[in-house]
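Engineer: Encoded as structure tokens, here's the structure I'll be asking about.
The values are calculated or read from the model by the stated rules, or taken from the named source; none is laboratory data. Because the structure is a prediction, the values reported are computed rather than measured. Glycine gets a Cβ as well: all are built from the backbone with ideal geometry, and neighbour counts include every protein chain shown. Only protein heavy atoms, including side chains, enter the accessible area calculation; ligands, DNA and RNA are left aside. Shrake-Rupley method; radii C 1.70, N 1.55, O 1.52, S 1.80 Å.
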Amino acid sequence: MVVFVWRRGLRTLQNAAQRSCKGACYCTALAGKKSVNGVELHYQQTGVGDHALLLMPGALGSGETDFGPQLKGLDKKHFTVVAFDPRGYGRSRPPHRDFPSDFFHRDARDGLQLMQTLGFGRFSLLGWSDGGITALIAAALSPANIRKLVVWGSNAYVSQEDLAIYNSVRDVSRWSERMRRPMEEMYGAEYFRNTWGAWVDGISQFTHNPRGSICMELLPQISCPTLVVHGQKDPMVPSFHPQFLSEHIPNVRLHVMAEGKHNLHLRFAAEFNRLVEDFLQE
Ligand code: TYC
């Protein structure tokens, strides 16, 4: 057990050492679960700023696996940073993850409801990859609650080219050790293999929609200022996706990181965090 000092007093947290801020920080850190839409959602929270942020992870992702450098590095005086594990991912288990045709909408409703439950009425969304799709949907569904939106490595539809990429990464035994190990540590090899296969099937469903749409028709409804970031060297998400987003979201800016790949916020964390902080504080 580790005791954390939190704004409202003392909280006791299990397993919290890895979530604590190390070194210089305004140290408040909190992790726990909230009952949301019939499931227990795990989240981490840090910072004391007026501007609340919700970080939305990628496929099978969690705050812990996807957002370490953001939870640690984003300015805690200006921001209160929340990262959540979508249902069936990370520490938001049970339930087992499934992929009904509305799974992105379900994650969007869960994220929005979690923030209400935590007491944040208006906040910004940062979404990576699948989490970016979720964030786009949440911003379109609930414009009154969303201040600003940042998405990277995300797509609003699934093309035949995407389908080929999904199928090329379906077999996790062919993944590099570096990519596979954190997932196997989080889930165990079997849950990871099965759930990844279910994700590939889940995302492939969208090819049955007209134009392969996941959320194309919602983009014009996103009214908040939006930053789309793209890694020029992203092998997973072809550049026609950020292009499409920047052509269909009304108040949008596209920023390309020349050396960035899919995990640009981890690999180039300082540059990414600064870019996002500047955009959010404009
Ligand atoms: N969307 C995935 C995520 O959320 C990343 C991904 C993109 C995986 C394309 C496979 O073919 C793929 N991290």
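Engineer: Could you check how many residues of the range 61-78 are over 10 Å from the mean Cα position of the chain (by Cα) and either among the basic types (Lys, Arg) or surrounded by 24 or more Cβ atoms within 10 Å (Cβ to Cβ) (or both)?
Structural biologist: 4
Engineer: Can you tell me which residue within the range 44-59, out of those that are surrounded by fewer than 23 Cβ atoms within 10 Å (Cβ to Cβ) and over 16 Å from residue 30 (Cα atoms), is farthest from the ligand (Cβ to nearest atom)?
Structural biologist: The residue in question is 50.
Engineer: Tell me whether the range 257-264 contains one or more residues that are out of contact with any strand residue (DSSP E or B) (no Cβ under 7 Å at 6 or more places or on another chain), open to solvent by 60 Å² or more (accessible area, probe 1.4 Å) and basic (Lys, Arg).
Structural biologist: No, the range 257-264 contains no residue that is out of contact with any strand residue (DSSP E or B) (no Cβ under 7 Å at 6 or more places or on another chain), open to solvent by 60 Å² or more (accessible area, probe 1.4 Å) and basic (Lys, Arg).
Engineer: Okay, moving on. Spot the failing condition for residue 172; the list is (1) in contact with a Phe, Trp or Tyr (Cβ under 7 Å, 6 or more places away or on another chain); (2) of a type in the set (Val, Ile, Thr); (3) under 13 Å from residue 215 (Cβ atoms), and only one is missed.
Structural biologist: (3)
Engineer: With in contact with a strand residue (DSSP E or B) (Cβ under 7 Å, 6 or more places away or on another chain), open to solvent by 60 Å² or more (accessible area, probe 1.4 Å), at pLDDT 95 or above and not in a strand (DSSP E or B) as the only criterion, which of 87, 109, 91 stands out?
Structural biologist: Selected residue: 91, the only one of 87, 109, 91 that is in contact with a strand residue (DSSP E or B) (Cβ under 7 Å, 6 or more places away or on another chain), open to solvent by 60 Å² or more (accessible area, probe 1.4 Å), at pLDDT 95 or above and not in a strand (DSSP E or B).
Engineer: Separate question: Criterion first (over 16 Å from residue 149 (Cα atoms), of a type outside the set (D, E, K, R) and either exposed (fewer than 13 other Cβ atoms within 10 Å of the Cβ) or without any contact (Cβ under 8 Å) to a residue 60 or more places away in the chain (or both)) does residue 179 satisfy it?
Structural biologist: yes
Engineer: Related question: Filter the range 135-171 down to the residues that are open to solvent by less than 10 Å² (accessible area, probe 1.4 Å), part of a helix (DSSP H, G or I) and within 11 Å of the ligand (Cβ to nearest atom) and list them by number.
Structural biologist: 162
A quick yes/no check of all residues on (1) closer than 25 Å to residue 69 by Cα; (2) more than 14 Å from the ligand (Cβ to nearest atom); (3) not acidic (Asp, Glu):
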residue	(1), (2), (3)
193	no, yes, yes
199	no, no, yes
209	no, yes, yes
254	yes, yes, yes
266	yes, no, yes
280	yes, yes, yes
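Engineer: Can you name every residue in the range 192-205 that is touching a residue at least 24 places away in the same chain (Cβ under 8 Å) and either of a type in the set (D, E, K, R) or over 16 Å from residue 170 (Cβ atoms) (or both)?
Structural biologist: Scanning the range 192-205 gives a single hit, 201.
Engineer: Would a scan of the range 205-220 turn up a residue that is open to solvent by 10 Å² or more (accessible area, probe 1.4 Å), within 19 Å of the chain's Cα centre (by Cα), among the basic types (Lys, Arg) and over 18 Å from residue 138 (Cβ atoms)?
Structural biologist: no
Engineer: Would you call residue 72 assigned to a strand (DSSP E or B), at pLDDT 95 or above, among the charged types (D, E, K, R) and more than 16 Å from the ligand (Cβ to nearest atom)?
Structural biologist: Considered against the rule, which asks whether it is assigned to a strand (DSSP E or B), at pLDDT 95 or above, among the charged types (D, E, K, R) and more than 16 Å from the ligand (Cβ to nearest atom), residue 72 comes out as no.
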